[in-house]
Amino acid sequence: MSTTAATQATEESVWETHPVTPDRFEDFADVINANRRDKHCWCLSHRLRAPEIEELGGGDRQEAMRRLTERENPPGVVTYRDGVPVGWCSIGPRAEIPLLAASKLMRPIDEVPVWSIICVVVRPGHRRQGVTARMLEGAVAHAASRGAPAVEAHPVDPEGRMDLTMAFVGTRMMFENAGFRVVGTTDAKASRLPRLVMRRELG
């Protein structure tokens with residue numbers, strides 16, 4: 001099975017998006033935690049509780065994330081520009097993201113077995129260069145290749161610039177530009193703003 005979710009060529013650059021399999025773990029780390037800080041979240045906040053981090057990684061969040069990359073559905077995709085890892089999108093079946101699946105603040109709006117995007121990160125030094133658009137297209141293509149009927153996200157709709165500490169949830173405009181539409185709201189908030197339910201139907 002090919003690991004390529006999407007490859008897109010432009011006049012200036014070649015963009016590729018791949019699932020974060022074990023051989024791409026360091027590329028993922030370069031995007032979200034270039035200094036390899038031990039206390040970094042390692043994008044586990046919605047995926048594993050403390051006992052599971054202990055079980056998978058001996059309490060080491062980085063090692064627990066490495067173990068997740070070994071699963072049939074890795075925990076997300078890495079986007080490359082001309083071979084350089086520049087973006088990360090945490091995406092997978094909602095049912096395989098335990099803390100999201102159990103959330104009472106972001107409940108499902110129907111019974112469609114959606115895939116969910118829970119985090120988007122652009123590597124410092126590469127922001128405002130079109131990475132997000134390419135990354136979301138690659139993430140959606142990856143989900144489609146695995147049979148996902150739809151992809152959801154839970155962004156906010158700020159009037160101005162977002163608090164950077166919560167930018168990982170994304171914005172309404174970002175997802176609208178990627179073909180998502182608002183289909184509901186949640187009881188969750190980020191930067192004191194309500195988080196929406198946005199969906200892109202596939203197939």
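Derivation of every value follows stated rules applied to the coordinates shown; laboratory data play no part. In this text, all values refer to a predicted model and were calculated from it rather than measured experimentally. In this analysis, Cβ positions are derived from the backbone assuming ideal geometry, glycine residues included, and neighbour counts consider all displayed protein chains.
Please name whichever of Pro19, Asn35, Asn73 sits farthest to the positive end of the charge dipole of the chain, dipole taken about the Cα centre and charges placed at Cβ: Lys and Arg +1, Asp and Glu -1.
Farthest towards the positive end: Asn35.
Using the C-alpha gyration tensor of the stretch 66-112, what are the square roots of 5 times its eigenvalues, in whole angstrom, with the largest one first?
Semi-axis lengths for the stretch 66-112 are 26, 13, 9 Å.
Determine, from the Cβ-Cβ distance of Ala95 and Arg181 and an R0 of 22 Å, the FRET efficiency 1/(1 + (r/R0)^6), rounded to the nearest 0.05.
Taking R0 as 22 Å, the efficiency between Ala95 and Arg181 is 0.45.
Using 0.36 nm times the number of residues separating Arg36 and Lys104, minus their current alpha carbon distance, what extension gain do you get?
21.2 nm
Looking at the calculated P(r) for the chain, what percent of the C-alpha pair distances fall above 23 Å?
Pairs farther apart than 23 Å: 41 percent.
Packing-wise, with mean Cβ within 10 Å as the measure, how do 188-196, 86-94, 103-111 rank, highest first?
86-94, 188-196, 103-111
Using 0.36 nm per residue of separation minus the Cα-Cα distance, give me the extension gain between Arg49 and Asn73 in nm, one decimal.
Gain in length upon complete extension: 6.8 nm.
Assign unit charges at the C-beta atoms only (+1 for Lys and Arg, -1 for Asp and Glu), then state the dipole size of the stretch 56-186 relative to its Cα centre in Debye, rounded to the nearest 20.
260 debye
Just name one of Thr185, Cys119, Ala101: the one whose Cα is farthest towards the positive end of the charge dipole of the chain (beta-carbon charges, Lys/Arg +1, Asp/Glu -1).
Sorting the options by dipole projection puts first Thr185.
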